[in-house]
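Computed from the coordinates by the stated procedures, all read-outs in this text should not be read as laboratory data. Everything numeric here is computed off the predicted structure, so don't read it as measured data. Neighbour counts run over all protein chains shown; Cβ positions are idealised from the backbone, glycine included.
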Amino acid sequence: MGNIKTRMIKRTALQLVDSYPELFSKDFAANKKIVSQLIQADSDKTLNKVAGYVTRLVRRKEREKETPVEV
């Protein structure tokens, strides 16, 4: 089983993706650099968690675009 992200991590990542959708990609390393420039985090661990969740959100949005909706 995986780790559950805290509300702060999820909220921050969602706000970043909504505010700057064109900046983020499916690449974690690139997202990590962008996140470190946009927010002030108290630790590298927090930055990594936010960047990881941003990457997950971007991948999820791309997957939703690819799959057709059946009615």
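Observations, loosely collected:
- Pairs of Lys residues in the chain, spaced 8 or more positions apart or belonging to different chains, with C-alpha separations under 14 angstrom: 8 in total.
- Estimated 222 nm signal from helices in the chain, with DSSP H stretches of n ≥ 4 weighted -39500 (n - 2.57), rounded to 500: -22000 deg cm²/dmol
- Sorted from longest to shortest, the spans of the Cα atoms of the chain along the three principal axes equal 46, 30, 19 Å.
- Ignoring the sites themselves, the chain has its longest run without GluC sites (Glu not before Pro) in a DSSP loop having at most 10 other Cβ atoms within 10 Å at 23-69.
- Stretched out straight at 0.36 nm per residue, the stretch from A41 to L14 would grow longer than its current Cα-Cα span by 8.2 nm.
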